[in-house]
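Colleague: Pasting a structure below so you can have a look.
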Amino acid sequence: MAGGSFGPAGVAKERAQQYKGRLTSYVIIACTVAAVGGSIFGYDVGISGGVTSMDTFLEKFFPAVFVKKTQAHESNYCKYENQGLAAFTSSLYLAGLVASLMASPVTRKFGRRTSIIFGGLSFLTGATLNASAINMAMLLLGRIMLGVGIGFANQAVPLYLSEIAPTHLRGGLNMMFQVATTFGIFIANMINFGTQKLNWGWRLSLGLAAVPALLMTVGGILLPETPNSLIEQGKIEKGREILEKLRGTKNVDAEFEDMVDASELSNLIKNPFRNILEKRNRPELVMAICMPMFQILTGINSILFYAPVLFQSMGFGGNASLYASALTGAVLFSSTFISIATVDKLGRRALLISGGIQMITCQVIVAIILGVKFGNQQELSKGFSILVVVMICLFVLAFGWSWGPLGWTVPSEIFPLEIRSAGQSITVAVNLLFTFIIAQAFLAILCAFKFGIFLFFAGWITIMTIFVYFFLPETKGVPIEEMIFIWKKHWFWKKLVPTKGEGEISNSVELDENVIEP
């Protein structure tokens, strides 16, 4: 073995200081093209809320909701409460959950590019079905195909970006996925605004999802496979060749040896899903579950899915609600660049904790305003309406530079190669499971909790901010093939991760005993 004897937790040596290379145009182009995969997720998140507030769409597929919407005596918070309408939004994410688990063996055996291409083709099919839907069956089938596309794309793209990027820039480049996601949301909001007056506007909105899907498919065909995946498939020389191109140097011995070490171990693991359940992989498993779960429990998807519906429920007119949702989409897109500029300097923990504090503050203020100034058959005054929009924009801003991108970045970079595809599948599945739950339940929760829904999400943000403070070690600047060492130094996780002498690492490697405290 290239690096000597090692065990199931990762490579034998810490060689990060020996990594050579620079940020090449090859990396920038590959990451940019791959990140387009995020735009299909974002486009759907943005387009769904706008389409479900269009009268022509509601009249055709959800006439009961259209009638309820026009009834003046209906509670402001309950105008859109309908499980069929919620199912239109949430069915995609249930399909994506199942697809993400199917994508794991495909991504591992056939490479990241294959999953990206298949995801693009599935999403293209779904967009076509939705745009041409003449009944509920076609509409839901289209949503399911969109979900399959998102399941494969979300499984493969973050992995691709993490494996392509140089270690010292991995956080920023990985966030290209989030940039594409937020850009997709913003473009979707703009399209909804432009099509709302057209009788067939909803068809155009849903059909234009084919554009990012086509870009993703073509991009996947043109992209190089990651060195990690090539080596894992036994194409060792090809893997080194691609690595040299990505790093812009022939001196890639240290990084290449880490990849070969990890690949040799990975090929010994026949069942990654069973392996990830073992005690030594407990830290990674906990993060794969908690990070995507907490990302959704911020409440961001509720705002993004149902922004027009939410603002209309608050008394904004149709045009005003779409203006407000377009504004939140623009804020989310721009805020991601703050994270890109700071994540590899300030680190993951600082952004997650500070973002959490800002989000809690905004949610509580909105809840107080709605609780005191807003009720059934009432509208907010102009001044309070503006204040609500400002608070929601500040909330979205904080999410955009913290939990938005880092909810994907952290899980994609912490797994050793032998469980990486399984770990990413769990991350995506949990994300889509909670997205499904919130999408399906939000309109009913809004009706039941009223302004308290913002306090509900504020409570969850408080819990997850505390979780990060105590249990998430800093991963800034740590090579993904050597991530095992951060758990061995952490005050809590070192109790679970076997150390030398317990069969995990047999090389004479002395770990720094300095504990990473919260």
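The values are calculated or read from the model by the stated rules, or taken from the named source; none is laboratory data. Owing to the predicted nature of the structure, the values given are computational and were not obtained by experimental measurement. Quick reminder, even Gly has a Cβ in these numbers, built from the backbone with ideal geometry, and neighbours come from all protein chains shown. Quick note on the areas: whole protein, heavy atoms, side chains included, nothing else; ligands and nucleic acids left out. Shrake-Rupley method; radii C 1.70, N 1.55, O 1.52, S 1.80 Å.
Colleague: Can you bin the range 340-447 into rounded, prolate or oblate? Criterion: square roots of the alpha carbon gyration tensor eigenvalues sorted a ≥ b ≥ c, rounded for a/c under 1.5, prolate for a/b above b/c, oblate for the rest.
Modeller: Cα axes put the range 340-447 in the oblate bin.
Colleague: Which value, in Å², gives the accessible area per residue of the range 398-501 when a 1.4 Å probe is used on the protein heavy atoms?
Modeller: Result: 26 Å² of accessible area for each residue.
Colleague: In the structure shown, do any of Lys250/Lys345; Lys235/Lys270; Lys109/Lys238; Lys270/Lys489; Lys68/Lys197; Lys250/Lys270 have a Cα-Cα gap over 24 Å, and if so which?
Modeller: In this structure, Lys250/Lys345; Lys270/Lys489; Lys250/Lys270 exceed 24 Å between Cα atoms.
Colleague: Between beta-carbons, use under 15 Å as the cut-off and find the net charge around Val106, counting Lys and Arg +1, Asp and Glu -1.
Modeller: +3
Colleague: Related question: In whole Hz, with x marking every Gly and Pro, tabulate ³J(HN,Hα) for the range 365-370 from phi via Karplus 6.51 cos²θ - 1.76 cosθ + 1.60, θ = phi - 60°.
Modeller: 4, 4, 4, 5, 4, 5
Colleague: Ignoring ligands and nucleic acids, what accessible area does Leu223 show with a 1.4 Å probe (Å², nearest 10)?
Modeller: 10
Colleague: Any idea of Phe434's accessible area? Nearest 10 Å², probe 1.4 Å.
Modeller: For Phe434, solvent-accessible area is about 50 Å².
Colleague: Go through the range 111-218 and name the trypsin sites (Lys or Arg not before Pro) that are in a DSSP coil and have 12 or fewer other Cβ atoms within 10 Å of their Cβ.
Modeller: Passing both the DSSP loop test and the Cβ count: Lys197.
Colleague: Please compute the per residue accessible area over the range 81-133 with all protein chains in place, 1.4 Å probe, rounded to a whole number of Å².
Modeller: That works out to 34 Å² for each residue.
Colleague: If you plug each phi of the range 412-427 into the Karplus form 6.51 cos²θ - 1.76 cosθ + 1.60 with θ = phi - 60°, what whole-Hz ³J(HN,Hα) values come out, in order, with x for Gly and Pro?
Modeller: 6, 10, 9, 8, x, 4, 5, 10, 5, 5, 5, x, 5, 5, 5, 4
Colleague: Could you work out what % of the accessible surface of the range 327-481 is carbon and sulfur, using a 1.4 angstrom probe and leaving DNA, RNA and ligands out of the count?
Modeller: 75
Colleague: What list of ³J(HN,Hα) values in whole Hz, one per residue of the range 127-138 in order, does the Karplus curve 6.51 cos²θ - 1.76 cosθ + 1.60 (θ = phi - 60°) give from phi, with Gly and Pro shown as x?
Modeller: Running phi through 6.51 cos²θ - 1.76 cosθ + 1.60 with θ = phi - 60° gives 5, 5, 5, 5, 5, 9, 4, 10, 8, 5, 4, 5 Hz.
Colleague: Shifting gears a bit: Nearest 0.05, what FRET efficiency do Asn267 and Ser381 give at R0 = 45 Å with Cβ-Cβ as r?
Modeller: My answer for the efficiency is 0.10.
Colleague: Efficiency by 1/(1 + (r/R0)^6): what FRET value for Thr249 and Ile463, r their Cβ-Cβ distance, R0 = 35 Å, to the nearest 0.05?
Modeller: It comes to 0.20.
Colleague: Okay, next question. For His490, list long-range residues whose amide hydrogen, built 1.01 Å from N in the peptide plane, is under 5 Å from its own amide hydrogen.
Modeller: Hits under the 5 Å cutoff: Ile516.
Colleague: What is the distance in Å between the Cα centres of the range 411-446 and the range 137-195?
Modeller: Value for the Cα centre distance between the two parts: 14 Å.
Colleague: Note the full-extension length gain between Phe337 and Glu474 as 0.36 nm times their separation in residues minus their Cα-Cα distance, in nm to one decimal.
Modeller: The Phe337-Glu474 span can extend by a further 47.3 nm.
Colleague: Let me ask something additional. Report the charge-dipole magnitude of the range 188-300 in Debye, nearest 20, computed about the Cα centre from +1 at each Lys and Arg Cβ and -1 at each Asp and Glu Cβ.
Modeller: The calculated dipole for the range 188-300 is roughly 660 debye.
Colleague: Between Leu198 and Ile28, how high is the FRET efficiency from 1/(1 + (r/R0)^6) when r is the Cβ-Cβ distance and R₀ = 41 Å? Nearest 0.05.
Modeller: 0.60
Colleague: Counting only protein chains, not ligands or nucleic acids, how are Ile242, Ile386 ordered by accessible area (probe 1.4 Å), most first?
Modeller: Ile386, Ile242
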